[in-house]
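Enquirer: Dropping a structure here in structure tokens format, bear with me for questions.
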Amino acid sequence: MRIVTKDVILVTGADLAPQALALLTDFDVVYAGTGNECTEDALEALCRQHEPVAIIVRYGKVSARVIGASPKLRVISKHGTGIDNIDSNFAKSHGIVVRAATGANAAAVAEHTWALILACAKNVVQLDGRMRDGHWDKATHKSLELKGRTLGLVGLGAIGRRVADVGIALGMRVVAFDPYAASVPESIERRALNEVIAESDVLSLHCPLTADNANMINAQSLASMRDGALVVNTARGGLIDEAALAEALKSGKLRAAGLDSFQVEPFVAGGHAFTGLHNAILSPHIGGVTSDAYVGMGTAAARNILDELAVTA
């Protein structure tokens with residue numbers, strides 16, 4: 001009797017939302033394991049063993065080695081929006097489609113962006129620590145009021161626009177740089193990148209990481225910013241020169257920074273300049289990690305695979 005086997009979808013993670021799995025019942029789903037287990041060697045070995053037709057990318061780097069290890073591979077689908085951990089050029093050159101779950105975690109990331117902005121502006125973390133140490137700083141503390149301030153956005157996609165909406169509701173002026181945006185709402189002023197950086201009281205990053213914009217926030221651009229400004233990054237760590245940002249925080253050039261992504265992840269606290277700075281508020285790249293976004297990203301990633309496989313069938 002002939003054994004009929006299903007095509008394999010490899011997930012570079014340990015799980016997938018049940019709603020996403022329900023869409024993939026015609027496939028065998030193989031998990032690579034937790035984030036630490038998704039090494040390049042491990043992913044390459046799994047591709048050679050199972051020859052997946054698709055990969056859902058949650059953790060790890062899907063390099064040329066990994067992509068080339070499966071002769072059946074036809075689509076790589078990101079469980080999220082940023083595809084900088086996928087060798088898209090190599091995939092494209094081999095006829096393999098790369099898709100992202102665009103907008104699936106936009107609400108979650110936008111909300112976390114505002115959590116960081118408000119924590120920075122209102123000194124939430126520092127005041128909590130002071131209270132727990134027995135201090136009552138009402139007579140000496142002054143927080144930053146956002147009404148009338150300028151919110152600068154680098155990137156005006158689904159996340160950036162949600163962040164802009166909240167800023168406008170708070171009475172902020174909003175300026176933005178996005179060379180790829182076909183249109184910009186009338187309530188947002190479109191500016192060149194250097195103008196957005198220089199004019200911002202709050203600068204928030206919402207763009208993908210590319211070779212052209214790596215370290216766009218560096219010593220020179222930070223020096224052009226308004227004294228006492230805030231920098232918030234819920235996009236990619238590679239957009240910021242971390243040593244330069246740490247120096248700007250240490251010197252008082254910047255009031256504070258809220259950071260959800262880093263040059264090297266997982267972030268290692270020992271010896272890193274940010275861990276010794278009370279005005280650097282850190283979170284472990286969880287802006288898009290909510291129960292709703294988990295389902296949204298999983299189902300969007302699954303649908304992207306089904307759509308592409310149907311086209312190429």
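The values are calculated or read from the model by the stated rules, or taken from the named source; none is laboratory data. Quick caveat: nothing in here was measured; it's all calculated off a predicted structure. Neighbour counts run over all protein chains shown; Cβ positions are idealised from the backbone, glycine included.
Enquirer: Could you please tell me which pairs satisfy a Cβ distance under 7 Å, a separation of 6+ or placement on different chains, a first residue in the stretch 237-251 that is over 20 Å from I286 (Cβ atoms), and a second residue that is of a type in the set (G, A, S) and surrounded by fewer than 20 Cβ atoms within 10 Å (Cβ to Cβ)?
Expert: Sorted first by the residue in the stretch 237-251, then by its partner, the pairs are D241/A219; A243/A273; A244/A219; A246/A273.
Enquirer: Let me ask something additional. Restricted to the stretch 71-90, and to residues that are closer than 18 Å to L306 by Cα and among the small types (G, A, S), which residue is modelled with the highest pLDDT?
Expert: That would be S77.
Residues checked against (1) outside any loop (DSSP other than H, G, I, E, B); (2) closer than 26 Å to T290 by Cα:
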| residue | (1), (2) |
| --- | --- |
| T25 | no, yes |
| V30 | yes, yes |
| G33 | no, yes |
| N36 | yes, yes |
| E44 | yes, no |
| Y59 | no, yes |
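Enquirer: Shifting gears a bit: Regarding A104, is this residue under 30 Å from R303 (Cβ atoms) and either touching a helix residue (DSSP H, G or I) at 6+ places or on another chain (Cβ under 6 Å) or not assigned by TED's automatic domain parsing to the domain that holds P208 (or both)?
Expert: Here the answer is yes, as A104 does meet what is asked.
Enquirer: Can you say whether A280 is more than 24 Å from G252 (Cα to Cα), aliphatic (A, V, I, L, M) and surrounded by 21 or more Cβ atoms within 10 Å (Cβ to Cβ), as far as the supplied structure shows?
Expert: In short, no.
Enquirer: Every residue in the stretch 196-234 that is assigned to a loop (DSSP other than H, G, I, E, B), aliphatic (A, V, I, L, M) and either at pLDDT 95 or above or under 20 Å from S283 (Cα atoms) (or both), please.
Expert: Matches in the stretch 196-234: L209, A214, M216, M225.
Enquirer: Would you check which residues across the stretch 69-84 are surrounded by 17 or more Cβ atoms within 10 Å (Cβ to Cβ) and within 15 Å of E44 (Cβ to Cβ) and list them?
Expert: Result: A69, S70, L73, I76.
Enquirer: Go over the candidates F90, F27 one by one and state the one that is touching a helix residue (DSSP H, G or I) at 6+ places or on another chain (Cβ under 7 Å) and among the aromatic types (F, W, Y).
Expert: F90
Enquirer: Still on this model: Mind checking which residues of the stretch 237-260 are in contact with a Phe, Trp or Tyr (Cβ under 9 Å, 6 or more places away or on another chain) and not in a helix (DSSP H, G or I)?
Expert: Hits for the stretch 237-260 are I240, A257, L259.
Enquirer: Related question: Do any residues in the stretch 204-219 that are closer than 21 Å to V175 by Cα and in the same structural domain as A158 (by TED's automatic domain parsing) have Cβ atoms under 8 Å from those of residues that are assigned to a loop (DSSP other than H, G, I, E, B) and among the hydrophobic types (A, V, I, L, M, F, W, C), where the two are at least six apart or on different chains, and which pairs are they?
Expert: L205/A235; H206/L156; H206/A235; C207/A235; P208/I83; P208/A235; L209/A235; N213/C207
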